[in-house]
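J.: Okay, handing you the structure first.
The values are calculated or read from the model by the stated rules, or taken from the named source; none is laboratory data. Just so it is clear, the model here is predicted, and its values are computed rather than measured. Counting neighbours? That spans all protein chains shown, and the Cβs are built from the backbone with ideal geometry, glycine included.
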Amino acid sequence: MRTPLALALFATSVSALHAQPPATPAGQTPAWDVTQARGTTRDIDFTTSEGTWMSVDISPDGAWIVFDLLGHIYRMPAAGGEATALTQNSGVALNFHPRISPDGKLIAFISDRRGQNNLWVMNADGSNPRAVFTDLAVRAAEPAWTADGSFIVVRRSAVGGGGGGGGGGGGLWMYGKDGGTGVALVTAGRPESPSLSKDGRFLYYQVAVTEGIVSGKNDVTQGSRQLRRLELATGRVLKITEGVSEQQYQGSSGGAVAPQVSPDGKWLAFGRRIPNGTIEFKGLEFGPRTALWLRDLESGSERVVMDPIEVDMAEGGKISRVLPGYAWTPDGKGIVIMQGGKIRR
């Protein structure tokens, strides 16, 4: 049973596009300000009840949600109502991937307002936005809070010689919410989609188990993306899903992407393609189709809980995430997720 959240109509104003950089004295090179528009601009005002590729999260008390839409982050009651823009004062900068802290007081997000997609935090009402780290040579995505709310794990990619607030390259890194030097947690296998357990013990994520596109082995349906669990105290890594199909035999679980562990730590939600599954849209049929699955972490049994969801981008190159961000409700009885232009529970 899929029940839509009551996503009320709301207006998105882009009047900030009229803002122009301050005049530069003669003979000086103008400073580049990502938040300021360049060239001729105009206002576009519209009302919508749908969105594309929206990442959504729900507050610890279940009362409100946040989501991203067209480069801004919005907040609205979980039961429906008016959506309020939290990042509209950042001009034409991009803001996305919101994640609410365990105490509900902060929102971690990604913004390029200083020239690159780096990790930021702001208060739950959108006030006092500040960078956790700033590095023009490191691109960040997919923040996830630790259970105590003191640290944020983020996927980062080095784009050329950057230090990223402490040196090193890509992978899953952990930062203090107030900044400082980052610590690398996982670097092998192009890790993505971090999710931390509420007991503070485990980090779940996806990895690539094949390199490049060779004889179709990069096909997610054949198992090129799988799930892992890192025990933070010991560094031990457990294979949650495994197997890559070969020409001689079919040894794959079907692959898996974008894990999210339940509040009680007993279930793992994730995306997986339906073999030969397709979707029909406006008379056109395409695929493969992606569904949301649940895995019992004790028994290993799996079942489909929502089919379809958004088509995953697990084989894409320059993408911000393989699936829009989604979240468990605090009681562990539901999941909020974007599907078909709507936010659903």
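J.: Does any residue of the stretch 273-283 turn out to be assigned to a strand (DSSP E or B) and under 21 Å from GLY332 (Cβ atoms)?
T.: The answer is no; no qualifying residue exists.
J.: Among the numbered criteria (1) outside any strand (DSSP E or B); (2) surrounded by 21 or more Cβ atoms within 10 Å (Cβ to Cβ), which single criterion is violated by ILE337?
T.: Against the list (1) outside any strand (DSSP E or B); (2) surrounded by 21 or more Cβ atoms within 10 Å (Cβ to Cβ), ILE337 comes up short only on (1).
J.: Being under 24 Å from TRP328 (Cβ atoms), of a type in the set (A, V, I, L, M, F, W, C) and at pLDDT 85 or above narrows it down to one residue among ALA141, ALA208; which is it?
T.: Every option except ALA141 fails the conditions.
J.: Being surrounded by fewer than 17 Cβ atoms within 10 Å (Cβ to Cβ), modelled with pLDDT under 95 and more than 22 Å from LYS266 (Cα to Cα) narrows it down to one of GLY300, GLY316, so name that one.
T.: GLY316
J.: Another question, if that's okay. Condition check: of a type in the set (A, V, I, L, M), under 19 Å from ALA37 (Cα atoms) and not in a strand (DSSP E or B). Does ALA79 satisfy that?
T.: When the stated conditions are applied, ALA79 does not pass them.
J.: How do the strands (runs of 3 or more DSSP E) wholly within the stretch 90-185 filter down when requiring 1 or more residues that are over 27 Å from THR52 (Cα atoms) and not polar (S, T, N, Q): which remain?
T.: 151-158, 171-176
J.: So is SER193 more than 25 Å from MET76 (Cα to Cα) and outside any loop (DSSP other than H, G, I, E, B) or not?
T.: no
J.: To continue, here is another question. Which pairs do you get when a residue that is farther than 27 Å from LYS266 by Cα and in contact (Cβ under 8 Å) with a residue 40 or more places away in the chain, found in the stretch 174-197, comes within reach of a residue that is of a type in the set (Lys, Arg) and crowded, with 17+ Cβ neighbours inside 10 Å, reach meaning Cβ atoms under 8 angstrom, with the pair 6+ apart or on two chains?
T.: Cβ pairs passing all conditions: GLY182/ARG156.
J.: In the stretch 174-206, what count of residues is obtained for those that are hydrophobic (A, V, I, L, M, F, W, C), closer than 25 Å to MET313 by Cα and surrounded by fewer than 16 Cβ atoms within 10 Å (Cβ to Cβ)?
T.: Going through the stretch 174-206 one residue at a time, the tally reaches 1.
J.: Step by step: first the residues of the stretch 267-314, then only those that are in contact (Cβ under 8 Å) with a residue 40 or more places away in the chain and among the basic types (Lys, Arg), then the one that is farthest from TYR205 (Cα to Cα). Which residue is that?
T.: This residue is ARG273.
J.: Can you tell me which residue is surrounded by the most Cβ atoms within 10 Å (Cβ to Cβ) among those in the stretch 253-265 that are assigned to a loop (DSSP other than H, G, I, E, B) and in contact (Cβ under 8 Å) with a residue 40 or more places away in the chain?
T.: Within the stretch 253-265, the match that is surrounded by the most Cβ atoms within 10 Å (Cβ to Cβ) is GLY255.
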